[in-house]
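Below is one structure; the comments refer to it alone.
The values are calculated or read from the model by the stated rules, or taken from the named source; none is laboratory data. These numbers come from a predicted model, not from an experiment. Quick reminder, even Gly has a Cβ in these numbers, built from the backbone with ideal geometry, and neighbours come from all protein chains shown. Just so you know, the surface numbers come from the protein's heavy atoms only, side chains and all, with ligands and any DNA or RNA stripped out. Shrake-Rupley method; radii C 1.70, N 1.55, O 1.52, S 1.80 Å.
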Amino acid sequence: MGLSPSRTSHYDLIKAGDEAAARGDHSLAVELFSGAAELAPDYWVIYIKRGRAYKMHGLLNLARSDVEAGLELEPRNVPLLKLQREVLAALGDHAGVAAVDAEIEEVKGAREARARRGLEKREVSLPNPGAVPQDTHVTVAEARYWAEVQKKADLQASLQNSPFARALKKCRRTAAAANKPDPPWALPPTAPAVASAAAPASEGEETVSLLKVGS
């Protein structure tokens, strides 16, 4: 194999096993993944890789055992469940395939529900209370727009309160007393133009909830 067992980590063996599997040498891949499993028996990735190598080598019962071992470490893992479905289908276990299909759909449904709840809870503070009506919904693109507006407003406020701004005011007072125009370097920064209200959401566009500023 070209690997020294005393100086090899399970990551090295997994990488070598992946390379062997890519070459179609599934027997060597099984041997390398087995070595990785001895070093890291609780690493579920090894079992899906070795299970796939077993399946490609025609050792379906061993593949099923590896998938089950992986699911004990990582329950409801979709890649493991998909491999389990393939192995059961190859074994002709149609009832098992149906059960795994149902579990995969259940896992996907739970993930989608969590994603929807997370989107509903995502709240954005507006930089200008009068810019848009409060306690409404805007699109995600609009929320990003208002966040950018807030950044620019914060930057402008920090510039106005900086030592440079104070020195500039003093310079202007001196220039005004001497009836001299401002030097070119003293021109104030131009604030970016900001729309008075966000554009209305197009039909079917994803929206997020807004919080009142200061709430």
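Using the structure shown, decide if Val87 is open to solvent by less than 50 Å² (accessible area, probe 1.4 Å), within 26 Å of the chain's Cα centre (by Cα) and under 29 Å from Lys15 (Cβ atoms). Spell out how you get there, then give the answer.
Values: open to solvent by less than 50 Å² (accessible area, probe 1.4 Å): yes; within 26 Å of the chain's Cα centre (by Cα): no; under 29 Å from Lys15 (Cβ atoms): yes.
The answer is no for Val87.
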Completion exercise
Of the residues in the range 46-65 that are open to solvent by less than 30 Å² (accessible area, probe 1.4 Å) and among the aliphatic types (A, V, I, L, M), the one that is farthest from Asn77 (Cα to Cα) is Ala53
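For the range 48-83, how many residues meet the condition of being of a type in the set (S, T, N, Q) and over 17 Å from Ile104 (Cα atoms)? Please lay out each step first, then the result.
Quick first cut of the range 48-83, residues of a type in the set (S, T, N, Q) only: 61, 65, 77.
Now drop any that are not over 17 Å from Ile104 (Cα atoms), which leaves 61, 65.
Summing the residues that are of a type in the set (S, T, N, Q) and over 17 Å from Ile104 (Cα atoms) in the range 48-83 gives 2.
Can you find a residue that is under 28 Å from the mean Cα position of the chain (by Cα) and either at pLDDT below 95 or under 25 Å from Leu13 (Cβ atoms) (or both) anywhere in the range 52-59?
Taking every residue of the range 52-59 in turn, at least one turns out to be under 28 Å from the mean Cα position of the chain (by Cα) and either at pLDDT below 95 or under 25 Å from Leu13 (Cβ atoms) (or both).
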Fill in the blank from the handout: Counting only residues that are under 16 Å from Asp66 (Cβ atoms) and not acidic (Asp, Glu), the range 10-38 contains a total of 15
Practice task
Would you confirm whether any residue within the range 46-56 is free of Cβ contacts under 8 Å to residues at least 24 places away in the same chain and touching a helix residue (DSSP H, G or I) at 6+ places or on another chain (Cβ under 6 Å)?
Solution key: no
Fill in the blank from the handout: Note: among Val149, Val107, Val124, Val97, just one is out of contact with any His (no Cβ under 7 Å at 6 or more places or on another chain), part of a strand (DSSP E or B) and either at pLDDT below 80 or open to solvent by less than 40 Å² (accessible area, probe 1.4 Å) (or both), namely Val124
Practice task
Answer with yes or no whether Arg23 is basic (Lys, Arg), closer than 18 Å to Ala90 by Cα and either modelled with pLDDT of 95 or more or open to solvent by 30 Å² or more (accessible area, probe 1.4 Å) (or both).
Solution key: no
